[in-house]
Amino acid sequence: RNCSVRNMIFNNNTTTLYQRPPESQDAGMAGAGTGGVMIDPYLSDIEFLISNCEFSDNFIVDHDIYENLPGEQHYASNKGRALYIIPSVGNIITIDSCLFVNNRQPNHVPEWQWWQFGGRYVGSTIEVESNINPDQLRSTVIFSNCEIRDNDDGGIFASGKTNVTLENVQIINTGRFGIRVEASYSSAIAKNVLIDGVIQQDNWFGFPDDGEWI
């Protein structure tokens, strides 16, 4: 309860995800993988602080093959490559004065844009994935005075029932998106945020029937 992680460096860690069997229906669907830190408080009403930490050069090796996948196959890039947070009911998680730089996955995963399958299978540098029931109280995740730069696929992604606050945050030279908050249950407050040099990549659209790459 009420833990803190201060003045630490998480550098040059590698997570290896082995290839799914080719005959599997989930071939190519890697799910979650982090080369840095995973926070899962589990209990309600816990405060957790990460302060003055560096997450750098963490690497995910995913042996699944994502090229030439059929449109009906479900697949996902790996989320939370530097930091993966799973808040529970009433948690307050603060990430303050932290640097996230050069966290990567080598093989490229196409972005799926068909609303029927959730609209997003793109990796992220930082993932906030709350599985809280919508009828329950929200959790809170606060990013302050953080720099996220030179990561290959996604900045901060938040989903579930989470209040996200970003203040004095820079997201620079990160692929595909800077910040994405699923608005169904989550909310976001952004103050003094810089997003620069975000470059979109290929998308897969499920319409017309056979789909197409762009």
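A few notes on this one:
- Applying the condition of being modelled with pLDDT under 65 and on the phi > 0 side of the Ramachandran plot to region 11-47 and asking which residue is surrounded by the fewest Cβ atoms within 10 Å (Cβ to Cβ) yields 31.
- Residue list for region 130-154, restricted to those being modelled with pLDDT under 90 and not in a strand (DSSP E or B): 130, 131, 132, 133, 134, 135, 136, 137, 138, 152, 153, 154
- Subset tally (residues that are outside any strand (DSSP E or B), of a type outside the set (S, T, N, Q) and either modelled with pLDDT of 60 or more or out of contact with any Gly (no Cβ under 8 Å at 6 or more places or on another chain) (or both)) for region 75-90: 7
- Residue pairs whose Cβ atoms lie under 7 Å apart, sitting 6 or more positions apart in sequence or on different chains, and linking a residue in region 141-156 that is in contact (Cβ under 8 Å) with a residue 40 or more places away in the chain to a partner that is open to solvent by 10 Å² or more (accessible area, probe 1.4 Å) and among the acidic types (Asp, Glu), are 144/96; 144/167; 145/96.
- Top-ranked residue of region 156-186 - restricted to ones that are in a loop (DSSP other than H, G, I, E, B) and at pLDDT 90 or above, ranked as surrounded by the fewest Cβ atoms within 10 Å (Cβ to Cβ): 173
- Pair list, Cβ under 9 Å, 6 or more apart: region 163-175 residue at positive phi, other residue crowded, with 21+ Cβ neighbours inside 10 Å: 168/143; 168/146; 173/151
The values are calculated or read from the model by the stated rules, or taken from the named source; none is laboratory data. The structure displayed is predicted, hence computed values, not measured ones. When we count neighbours, we look across all protein chains shown, and the Cβ atoms used for this are built from the backbone with ideal geometry, even at glycine. Heavy atoms of the whole protein, side chains included, go into the accessibility calculation; ligands, DNA and RNA do not. Shrake-Rupley method; radii C 1.70, N 1.55, O 1.52, S 1.80 Å.
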